[in-house]
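*Asks:* Please find one structure pasted underneath; my questions will follow.
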Amino acid sequence: TTLILTALQRSDLLPTILSRCRQISFHPIGEAALADHLIRQGKVEPQIARQAAVMAAGSLDNADRLAGRSWYREREWVLRASGLMDPEGITSRPVPTALAFSGALSKKKDRVLDMLDVLKIWIRDLIIWPHAPSLIMNTDEAHRLRAVRANLEDGCLLALWTAVEVAQKNIAGKGNIRLTLDIMAISMARSMAG
């Protein structure tokens with residue numbers, strides 16, 4: 001019998017198990033190869049294939065999932081509804097607007113964790129923009145990232161990241177989705193208001 005264990009990192013396994021295993025490292029698939037795969041499959045046009053390949057972080061399954069047009073529309077919706085795509089209004093987000101966002105997001109229970117990932121990737125891009133713009137993942141929205149980043153301080157971005165990360169952990173831990181998203185949205189609105 002051969003058992004195959006998979007883990008993201010060695011520390012995910014107990015040392016007693018790790019010592020009895022042969023370790024084989026798999027490296028992420030390159031962005032060009034992922035985009036090529038999506039284009040060959042005829043799933044999407046080249047621009048969306050390239051963006052899906054960047055966002056997939058080397059995973060073929062992620063690339064296939066992200067190549068769907070619905071993901072592209074969902075990304076646009078979650079970024080606009082969260083207020084993180086609006087350079088002018090980002091620092092004046094009223095709490096009722098934030099709660100409307102969390103209410104709409106809570107209705108998409110099967111996709112909520114993916115949408116929170118979209119928010120985290122956007123915030124990550126905002127954080128690294130001034131230091132390494134060539135490393136952003138939302139390459140098709142570079143102009144918006146630049147405009148939004150001009151209105152946000154590093155401390156605000158860290159608070160936004162923390163709010164989304166806490167929400168993800170609480171939802172994954174079977175916390176109340178609506179309450180968790182309300183807390184996240186209010187925290188984000190307060191952070192953006194400074």
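The values are calculated or read from the model by the stated rules, or taken from the named source; none is laboratory data. On a predicted model such as this, the values are computed, not experimentally measured, just so you know. In this analysis, Cβ positions are derived from the backbone assuming ideal geometry, glycine residues included, and neighbour counts consider all displayed protein chains. Note: accessible area is taken over every heavy atom of the protein model, side chains too, but ligands, DNA and RNA are not part of it. Shrake-Rupley method; radii C 1.70, N 1.55, O 1.52, S 1.80 Å.
*Asks:* Restricting the search to region 69-115, which residues are open to solvent by 60 Å² or more (accessible area, probe 1.4 Å), farther than 18 Å from residue 193 by Cβ and in contact (Cβ under 8 Å) with a residue 40 or more places away in the chain?
*Replies:* 109, 113
*Asks:* Suppose the filter is modelled with pLDDT of 85 or more, under 16 Å from the mean Cα position of the chain (by Cα) and under 29 Å from residue 176 (Cβ atoms); does residue 95 pass it? Reasoning before the result, please.
*Replies:* Values: modelled with pLDDT of 85 or more: yes; under 16 Å from the mean Cα position of the chain (by Cα): no; under 29 Å from residue 176 (Cβ atoms): yes.
No; evaluated as a whole, the condition is false for this residue.
*Asks:* May I ask you to say which residue of 36, 61 is open to solvent by 30 Å² or more (accessible area, probe 1.4 Å) and under 16 Å from the mean Cα position of the chain (by Cα)?
*Replies:* Working: 36 fails: under 16 Å from the mean Cα position of the chain (by Cα).
Going through 36, 61 in turn, the sole match is 61.
*Asks:* A further question follows. So, residue 177, is that one free of Cβ contacts under 8 Å to residues at least 40 places away in the same chain, open to solvent by less than 60 Å² (accessible area, probe 1.4 Å) and not polar (S, T, N, Q) or not?
*Replies:* On the way: free of Cβ contacts under 8 Å to residues at least 40 places away in the same chain: no; open to solvent by less than 60 Å² (accessible area, probe 1.4 Å): yes; not polar (S, T, N, Q): yes.
Answer is no for this residue.
*Asks:* Right, next: Quick one: is residue 142 part of a helix (DSSP H, G or I), over 17 Å from the mean Cα position of the chain (by Cα) and among the aliphatic types (A, V, I, L, M)? Don't jump to the end; show me each part of the working.
*Replies:* Values: part of a helix (DSSP H, G or I): yes; over 17 Å from the mean Cα position of the chain (by Cα): no; among the aliphatic types (A, V, I, L, M): yes.
Considered against the rule, which asks whether it is part of a helix (DSSP H, G or I), over 17 Å from the mean Cα position of the chain (by Cα) and among the aliphatic types (A, V, I, L, M), residue 142 comes out as no.
*Asks:* Look at residue 56 and say whether it is over 22 Å from residue 188 (Cβ atoms), aliphatic (A, V, I, L, M) and at pLDDT 90 or above.
*Replies:* Numbers: over 22 Å from residue 188 (Cβ atoms): yes; aliphatic (A, V, I, L, M): yes; at pLDDT 90 or above: no.
So residue 56 does not fit the description; no.
*Asks:* Anything in region 39-48 that is touching a residue at least 24 places away in the same chain (Cβ under 8 Å), in a helix (DSSP H, G or I) and surrounded by 14 or more Cβ atoms within 10 Å (Cβ to Cβ)? List them, or say none.
*Replies:* Of everything in region 39-48, just one residue is touching a residue at least 24 places away in the same chain (Cβ under 8 Å), in a helix (DSSP H, G or I) and surrounded by 14 or more Cβ atoms within 10 Å (Cβ to Cβ), namely 48.
*Asks:* Which members of region 150-174 meet the condition of being part of a helix (DSSP H, G or I) and open to solvent by 30 Å² or more (accessible area, probe 1.4 Å)?
*Replies:* Initially, region 150-174 is screened for residues part of a helix (DSSP H, G or I), giving 154-172.
154, 155, 158, 159, 161, 162, 165, 166, 169, 170, 172 - these are the residues of region 150-174 that are part of a helix (DSSP H, G or I) and open to solvent by 30 Å² or more (accessible area, probe 1.4 Å).
*Asks:* Ok, one more. Scanning region 49-71 for residues that are assigned to a helix (DSSP H, G or I) and touching a Gly at 6+ places or on another chain (Cβ under 9 Å), which turns out farthest from residue 8 (Cα to Cα)? Even if it seems obvious, please write down each step before you answer.
*Replies:* Of all residues in region 49-71, those assigned to a helix (DSSP H, G or I) come to 49-55, 60-66, 69-71.
Now drop any that are not touching a Gly at 6+ places or on another chain (Cβ under 9 Å), which leaves 52-53.
Values: 52: 21, 53: 20 Å.
Here the residue is 52.
*Asks:* Consider residue 133 against the criteria (1) out of contact with any helix residue (DSSP H, G or I) (no Cβ under 6 Å at 6 or more places or on another chain); (2) in contact (Cβ under 8 Å) with a residue 40 or more places away in the chain: it satisfies all of them except one. Which criterion is unmet?
*Replies:* (2)
*Asks:* Return the only residue of 147, 189 being more than 27 Å from residue 49 (Cα to Cα) and either open to solvent by 30 Å² or more (accessible area, probe 1.4 Å) or in contact (Cβ under 8 Å) with a residue 12 or more places away in the chain (or both).
*Replies:* Being more than 27 Å from residue 49 (Cα to Cα) and either open to solvent by 30 Å² or more (accessible area, probe 1.4 Å) or in contact (Cβ under 8 Å) with a residue 12 or more places away in the chain (or both) holds for just one of 147, 189, which is 189.
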